[in-house]
Amino acid sequence: MPRVIDPARLPKHFDAPAAEARWDAEWARARVYAYDPARPREETFVVDTPPPTVSGSLHVGHVFSYTHTDVIVRYQRMRGRNLFYPMGWDDNGLPTERRVQNYFHVRCDARAPYEPDLVLEPATPAGSKEPPRIVSRRNFIDLCLRVTREDEEAFKTLWQRIGLSVDWRQEYSTIDAHCRQLAQLSFCDLFAKGHVYSIEAPTVWDVDFQTAVAQAEAEDRPVQGAFHHVAFAVEGSDEGFVIATTRPELLPACVGVTAHPSDARYRHLFGRRAVTPLFHVPVPIFPSELVDPEKGTGILMVCTFGDATDVQWWREHKLPLRQVLGRDGRLVPVSFGSPGWESRDPAAASRHYGQLAGKTVAAARKAIVELLRAPAGGEPALRGEPVPVTHAVKFYEKGDRPLEFISTRQWFVRLLDKKEALLAKGDQIEWHPDFMRLRYRNWTENLQMDWCISRQRFFGPAIPVWYPLGGDGRPDHARPIVAEASVLPVDPMTAAPPGYEPGQRDRPDGFTGEPDVFDTWFTSSLTPQISSGWLLDPARHRRLFPADIRPQSHEIIRTWAFYTIAKALLHEDTIPWRHAVISGWILDPERKKMSKSRGNVVTPMHLLDEYTADGVRYWAAGARLGTDTAFDPKVFRIGKRLVTKLFNAGKFVLSQVAPDGPVTAELDRAFAHRLAALVERVTASFEEFDFAHALQDMEAFFWSDFTDTFLELAKGRAREGDPSAVAALRLGLGVLLRLFAPVLPYIAEEIWSWAFAEETGSRSVHAAPWPGRRDFEPVAAPADPASFEAAVGCFAAINKRKSEAGVSVGRGVARLALAASPATLTSLAPVAADVMAAARVAEYALRPRAGLDGAFEVVEVEFAPLET
């Protein structure tokens with residue numbers, strides 16, 4: 001006898017919060033999610049989980065994308081695979097530093113002394129108005145760790161609340177000793193192979209954070225500006241020309257003028273020199289095919305530096321370097337007439353520049369426009385009034401002011417010479433959806449500079465390098481001292497290099513430490529190797545690398561995906577994972593991306609309280625990969641309704657009493673046949689990571705073929721103790737619970753525990769085998785595979801007629817005449833008696849009629865008298 005439940009002993013409604021807490025504890029106790037290192041690689045499925053940035057709070061967009069991963073993981077686990085599903089925390093980098101700076105109102109100075117007993121409380125509004133407190137690098141790192149640990153616990157609570165089946169024994173943070181060691185080992189390996197170099201060069205720079213920024217971290221934003229039409233003279237001539245520029249404040253940094261070689265307006269000027277207004281600097285005029293003749297006046301000033309094209313012209317034409325913008329975003333002092341700052345009128349140039357020095361870009365722009373308006377022995381250099389324009393300007397993705405190009409010394413990884421190899425590795429990876437491969441290719445093909453990996457910050461793995469100092473105390477950057485692998489992780493600001501004593505730090509003929517830290521992506525790009533142990537545990541690395549999937553969102557293909565592929569190529573000439581699974585964005589009601597920077601995010605806890613974890617997961621799993629999805633509470637409600645229906649269906653099915661027997665009735669065998677086809681379709685979808693289509697398929701079956709039809713058709717026989725009906729209902733419920741389990745883990749586990757856990761020996765539905773042919777082998781094929789569809793159509797036609805007549809579907813029918821095509825009636829014949837019994841039809845006649853094509857038509861009906 002199958003295990004039967006007493007529904008009266010179960011709650012009337014599903015108590016989701018209690019079930020979630022109970023099952024979370026049980027899954028942890030039973031180690032359902034534990035990775036088994038003893039199992040072979042071919043049985044293991046490895047996930048390269050995105051480590052979320054530990055800064056502030058998670059929002060519903062995070063729940064959306066991380067649920068996608070968990071649905072895939074739960075499916076793979078039920079397929080019998082040994083899951084390696086870690087969780088990391090990306091807690092180093094600029095977002096964390098900014099949060100800590102604001103939280104405690106502090107600023108870091110790497111040379112400040114360490115205060116071992118320093119204890120700081122969060123800044124008060126009054127305290128935030130005072131100058132920030134200066135703390136040492138070590139104290140600042142302690143503060144960062146304090147804040148990130150608190151955030152990590154909050155994040156972990158949310159991940160557990162939504163049911164992420166993570167093996168928490170595999171937890172890491174990108175600033176812990178293990179990750180710092182691997183990041184530094186990565187640098188040492190790249191250095192030894194000649195892939196990294198240090199150079200003083202124009203660098204993309206954020207003036208607020210005062211740090212270098214990689215090309216991949218820059219984004220275009222629309223900015224209101226203006227074209228300023230500025231007149232230039234031509235040396236040795238009375239003629240001149242007008243340049244339209246949005247950056248007149250860079251006029252003192254002008255080192256050249258260029259136009260398109262085919263532009264007849266300016267062709268006669270090539271090879272001559274222009275003279276800048278106000279500063280009277282002669283600069284060469286040269287042709288360049290990079291100039292757009294239709295933009296502005298078709299002739300441009302080349303400055304050091306306004307944008308990446310200026311850098312390219314500066315290099316190609318070996319132009320002088322006149323850097324007027326400082327690292328803090330203010331114009332630095334300059335003395336015209338000194339070497340490198342030649343002018344035909346140094347006094348006038350210095351006088352004019354004196355009114356700009358020390359100002360911010362915006363203030364300098366305003367000031368120079370006034371200078372250009374003033375007549376200078378004739379017509380003003382500014383021709384007309386500035387013309388408003390909206391144009392795209394580069395910003396650091398987390399910055400507030402436009403990026404600048406400033407000459408600084410940085411560390412780079414050589415990538416420009418490896419584009420073809422990077423493209424080839426990208427093509428070895430399967431992208432889901434496949435069109436995301438094109439985003440990777442476009443980014444790689446349009447890469448303009450090597451990867452800048454150094455940051456002028458404090459909270460991150462240190463670059464393990466020292467420099468010898470000459471007798472004049474200057475560092476010899478051409479002879480870096482790279483740390484040996486045996487001493488990693490190391491901080492060169494506190495440790496001494498081999499062959500030197502600590503007392504020789506920053507002294508002539510001594511050494512100095514590299515103060516910079518790695519770009520956060522330099523460590524995050526190693527997440528597959530962090531999990532595998534790479535050089536620290538080669539045997540483990542072979543078992544876990546490359547990973548099977550990298551789940552992530554599409555906007556960081558250019559950063560996280562690209563850099564991870566680059567690291568795998570440079571270190572081992574391989575790919576980091578076999579599949580890239582790309583999620584879309586969550587959009588607000590105005591179809592804008594939901595993000596903390598926009599202020600339009602929705603935090604998820606109240607959604608979990610209102611709609612249950614399963615209801616929220618239903619919403620997330622219903623979105624196709626790579627597709628941006630609107631935040632829509634109506635979908636949460638549909639998910640919660642599905643959970644409720646599963647709960648009620650489970651109570652009914654498992655409370656039916658019948659002897660244990662095979663599925664023999666034609667209707668029951670036809671249902672099992674249709675269910676087996678569903679399993680095949682859902683499995684195929686999951687194998688392609690198309691969980692959204694899988695959910696759509698099984699949800700439609702659950703409502704249309706199970707609860708609204710088969711359950712109703714079999715209900716009468718089940719209540720009478722018919723073994724075939726009860727066995728078929730239990731087969732349907734057991735299979736559907738396992739199909740739904742990856743998406744709705746809590747309700748699936750709850751219902752599974754009532755009977756199936758004991759009957760099958762699988763104590764958890766998430767450890768139960770995925771449905772397949774073995775579930776249906778005991779069931780003979782139906783006499784007519786179309787009989788179930790015919791039964792459903794017939795039952796629906798009768799209920800529709802009842803509804804049209806204004807009677808309840810439970811109303812009995814004394815007599816019924818039903819028409820359908822001959823083929824449909826043939827399929828209905830073996831199950832007609834069951835359908836009529838379920839519809840409470842006493843007498844019926846079936847009439848063949850051509851042209852109905854599978855549909856049923858009620859020809860005559862006489863309802864039974866109402867029971868009193």
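The values are calculated or read from the model by the stated rules, or taken from the named source; none is laboratory data. From a predicted model like this one, the values you see are computed outputs, not experimental measurements. Don't worry about glycine lacking a Cβ; one is built from the backbone with ideal geometry, like all the others, and counts go over all protein chains shown. For accessibility, only protein heavy atoms count, side chains too; no ligands or nucleic acids. Shrake-Rupley method; radii C 1.70, N 1.55, O 1.52, S 1.80 Å.
Structure summary
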read-out	value
Members of the range 516-549 that are part of a loop (DSSP other than H, G, I, E, B) and open to solvent by 60 Å² or more (accessible area, probe 1.4 Å)	537
Single unsatisfied condition, residue 678 versus (1) modelled with pLDDT of 95 or more; (2) of a type outside the set (Lys, Arg); (3) open to solvent by 40 Å² or more (accessible area, probe 1.4 Å)	(3)
Candidates 32, 46, 4, filtered to the one that is more than 17 Å from the chain's Cα centre (by Cα), part of a strand (DSSP E or B) and in contact (Cβ under 8 Å) with a residue 60 or more places away in the chain	46
Output for the range 388-440, where each listed residue is in contact with a Lys or Arg (Cβ under 9 Å, 6 or more places away or on another chain), without any contact (Cβ under 8 Å) to a residue 60 or more places away in the chain and open to solvent by 70 Å² or more (accessible area, probe 1.4 Å)	427
Selected residue [of a type outside the set (Lys, Arg), within 20 Å of residue 232 (Cα to Cα) and part of a loop (DSSP other than H, G, I, E, B)] from 296, 340	296
Set 625, 569, 608: member being open to solvent by less than 60 Å² (accessible area, probe 1.4 Å), touching a strand residue (DSSP E or B) at 6+ places or on another chain (Cβ under 7 Å) and either assigned to a helix (DSSP H, G or I) or modelled with pLDDT of 85 or more (or both)	625
Lone qualifier among 105, 59 - being at positive phi, surrounded by fewer than 22 Cβ atoms within 10 Å (Cβ to Cβ) and either in contact with a Ser or Thr (Cβ under 8 Å, 6 or more places away or on another chain) or not acidic (Asp, Glu) (or both)	105
Identity of the residue in the range 212-228, more than 24 Å from the chain's Cα centre (by Cα) and open to solvent by less than 50 Å² (accessible area, probe 1.4 Å), that ends up nearest to residue 562 (Cα to Cα)	223
Residue list for the range 441-472, filter: open to solvent by 30 Å² or more (accessible area, probe 1.4 Å) and not charged (D, E, K, R)	442, 443, 446, 448, 449, 456, 458, 471
The range 7-25 - residue that is touching a residue at least 40 places away in the same chain (Cβ under 8 Å) and not hydrophobic (A, V, I, L, M, F, W, C) and, of those, surrounded by the most Cβ atoms within 10 Å (Cβ to Cβ)	20
Hits in the range 768-794 (condition: more than 27 Å from residue 16 (Cβ to Cβ), outside any helix (DSSP H, G or I) and of a type outside the set (Gly, Ala, Ser))	777, 778, 779, 782, 784, 785
Check on residue 219, touching a residue at least 12 places away in the same chain (Cβ under 8 Å) and under 20 Å from residue 356 (Cβ atoms)	no
Residue count for the range 750-767, restricted to those that are touching a residue at least 40 places away in the same chain (Cβ under 8 Å), farther than 17 Å from residue 653 by Cβ and assigned to a loop (DSSP other than H, G, I, E, B)	2
Test: residue 244 is within 41 Å of the chain's Cα centre (by Cα), modelled with pLDDT of 95 or more, under 26 Å from residue 360 (Cβ atoms) and surrounded by fewer than 22 Cβ atoms within 10 Å (Cβ to Cβ)	yes
Residue in the range 823-836 that is assigned to a loop (DSSP other than H, G, I, E, B) and open to solvent by 20 Å² or more (accessible area, probe 1.4 Å) present	no
Pick from the range 628-658, criterion without any contact (Cβ under 8 Å) to a residue 60 or more places away in the chain and out of contact with any Gly (no Cβ under 7 Å at 6 or more places or on another chain), ranking: surrounded by the fewest Cβ atoms within 10 Å (Cβ to Cβ)	634
Residue in the range 313-323 that is of a type in the set (Lys, Arg) and touching a residue at least 40 places away in the same chain (Cβ under 8 Å) present	yes
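Conditions (1) modelled with pLDDT of 95 or more; (2) in contact with a strand residue (DSSP E or B) (Cβ under 9 Å, 6 or more places away or on another chain); (3) under 19 Å from residue 240 (Cα atoms); (4) loosely packed, with under 13 Cβ neighbours inside 10 Å, marked per residue:
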position: 298; (1), (2), (3), (4): yes, yes, yes, no
position: 309; (1), (2), (3), (4): no, yes, no, no
position: 315; (1), (2), (3), (4): no, yes, no, yes
position: 325; (1), (2), (3), (4): yes, yes, no, no
position: 339; (1), (2), (3), (4): no, no, no, yes
position: 352; (1), (2), (3), (4): yes, no, no, no
position: 357; (1), (2), (3), (4): yes, yes, no, no
position: 376; (1), (2), (3), (4): no, no, yes, no
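Yes/no per residue for (1) free of Cβ contacts under 8 Å to residues at least 12 places away in the same chain; (2) surrounded by 14 or more Cβ atoms within 10 Å (Cβ to Cβ):
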residue: 119; (1), (2): yes, no
residue: 127; (1), (2): no, no
residue: 142; (1), (2): no, yes
residue: 159; (1), (2): no, yes
residue: 168; (1), (2): no, yes
residue: 187; (1), (2): no, yes
